[in-house]
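Step one of this worksheet: look at the structure below.
The values are calculated or read from the model by the stated rules, or taken from the named source; none is laboratory data. Fair warning: this is a prediction, and the values are worked out from it, not measured in the lab. Backbone-built Cβ (ideal geometry, glycine too); neighbour counts: all protein chains shown.
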Amino acid sequence: MNPLKQLVAKHKQGQPIGMYSACTGNELAIEACLERAKKAKSYVLIEATANQVNQYGGYTGMTPQDYRDYVLQLAAKVNFPADKIILGGDHLGPLTFSHLPAEDAMAEAEELIRQFVAAGFTKIHIDTSMRLGGDDPNVKLDPKLIAERGARLALAAEAAFAELKAENPDAPLPVYVVGSEVPIPGGSQEEDDQVQVTTVADFQETVTLFNDAFINLGLADAWERVIAVVVQPGVEFGNESIHPYSREAAAELCQALKAYPNLIFEGHSTDYQTPDCLRQMVEDGIVFLKVGPALTFALREGLFALSMIEKELLQHTGKPLSNFIEVLEEAMLQEPKHWEKHYHGDETKKRLARKYSFSDRCRYYLPQEAVTQAVDLLFANLEAVEIPLSMLSQYMPIQYTKVRRGELANQPRELVKDRIINCIDEYLSATGILSFE
């Protein structure tokens, strides 16, 4: 049985357990997730989003097969067992093709989902919630059409799995996540966006329409593997704001879930929620907790801290400095397309947002050559010296404590990954650490 289906069954039996999903393509973030799961002896769920990874490479330059190989290579590097990795595809659908005529966009989406399934991704989030070319921009997209388009993609996924199964009889069946109340990937674009909890009626309509659409296409077996519905439980974040989970606001929605013995909720944009909020979400049936920007936000914090340590230690030695903070800023200024629609206000406000926004648009620039070279130099410079404990206490106090305890090496790469693990641990605390065996 797919371990995620097993997890859902355990939750429905009364165990308040869940699983976080790391939506990231960043090497250090993935390594941190793998190393933390290795220590916990648990599965790890890593997902790629359609704009991040697709048949044309996405913004990472990787196809689904490339991404799978990339994760497996990192797993081998840290000696993490490949059979404990669950790969997921997030927002799979016509998201990045929505400017095309509807039929062309859907054809591209079918190829996208086919490639994800063929590459061995087993958690498939189908997202057909966006308008396509030819859809009336002045009319709300028909939920029935959303469901029909979603079922069409499920049909393509099942066909791709049949081909995979013929080549690899041991390939696990994919499970599906559906839902039309899907938050914007990467968080809210506006600080004053209102967060409305999904209504019970909308949730129930989504389940009914997707069920009907699957059955109409002969996908009864696939419908049995629909394990979650994406809803808006009232959590979101913007550049400077966080909308915390309110158990009271989501109570009616979560109560309605109890009528569906095989379904749980998936929560997107759970980044920056407190551990108490995350735990309450899991207890209330929001079993899958997506996190992405918070991981690279923590990474950026760690890199900034090390850059400040580097300057303090080496600025008068004549040794070339990484100038990581300045290099990252220059990369963002030279190619503003990844942040200009998200950061607003005067120049000071935008400058601060480029560095410190919760939306963390700087993650799009970390793979650029100049930025990666700066990171490599930063690590090399600090590996060549001993970081004083007193400075580590100043800039990375949590890591300082772990170093003092002998739990963490006082090395730049390990320090940065541990800063990411601070975030991961909040999710593990909320979801429970399980091997599902």
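Structural remarks
- Residue match in the stretch 97-114 (condition: of a type in the set (Ser, Thr, Tyr) and either part of a helix (DSSP H, G or I) or closer than 20 Å to VAL226 by Cα (or both)): no
- The set of residues from the stretch 119-145 being outside any loop (DSSP other than H, G, I, E, B) and either crowded, with 23+ Cβ neighbours inside 10 Å or under 24 Å from the mean Cα position of the chain (by Cα) (or both) comprises LYS123, ILE124, HIS125, ILE126.
- Candidates GLN65, GLN15, filtered to the one that is part of a helix (DSSP H, G or I) and polar (S, T, N, Q): GLN65
- Residue count for the stretch 336-368, restricted to those that are small (Gly, Ala, Ser), surrounded by 13 or more Cβ atoms within 10 Å (Cβ to Cβ) and out of contact with any strand residue (DSSP E or B) (no Cβ under 9 Å at 6 or more places or on another chain): 2
- Apart from one condition, ARG36 fits all of (1) basic (Lys, Arg); (2) out of contact with any helix residue (DSSP H, G or I) (no Cβ under 6 Å at 6 or more places or on another chain); (3) over 30 Å from GLU108 (Cβ atoms); the exception is (2).
- The residue that is farthest from the chain's Cα centre (by Cα), counting only those in the stretch 309-351 that are more than 30 Å from LEU392 (Cα to Cα), assigned to a loop (DSSP other than H, G, I, E, B) and of a type outside the set (D, E, K, R), is GLY345.
- Exclusive hit being under 30 Å from LEU132 (Cα atoms) and in the same structural domain as TYR260 (by TED's automatic domain parsing), set ASN51, ASN79: ASN51
- None of ASN211, ASN239, ASN216 is over 24 Å from LEU45 (Cα atoms) and under 18 Å from the mean Cα position of the chain (by Cα) except ASN239.
- Filter result for GLN273 (within 30 Å of ALA256 (Cα to Cα) and crowded, with 23+ Cβ neighbours inside 10 Å): yes
- Scope the stretch 369-381; condition loosely packed, with under 15 Cβ neighbours inside 10 Å and not polar (S, T, N, Q); matching residues: GLU369, ALA370, ASP376, ALA380
- PHE358 within 26 Å of CYS33 (Cα to Cα), modelled with pLDDT of 95 or more and touching a Lys or Arg at 6+ places or on another chain (Cβ under 7 Å): no
- Figure legend. Inter-residue proximity from the stretch 262-289: first residues of a type in the set (D, E, K, R), second residues part of a loop (DSSP other than H, G, I, E, B) and at pLDDT 95 or above, beta-carbon distance below 7 Å, spacing 6+ or different chains. Indicated pairs: ASP271/GLY292; ASP284/ARG247; ASP284/ALA250.
- Only one of the numbered conditions (1) in contact (Cβ under 8 Å) with a residue 40 or more places away in the chain; (2) closer than 24 Å to VAL231 by Cβ; (3) of a type outside the set (Asp, Glu) is not met by LEU28, and that is (2).
- Only residues that are over 17 Å from GLY292 (Cα atoms), assigned to a loop (DSSP other than H, G, I, E, B) and touching a residue at least 60 places away in the same chain (Cβ under 8 Å) were counted across the stretch 352-387, and they come to 2.
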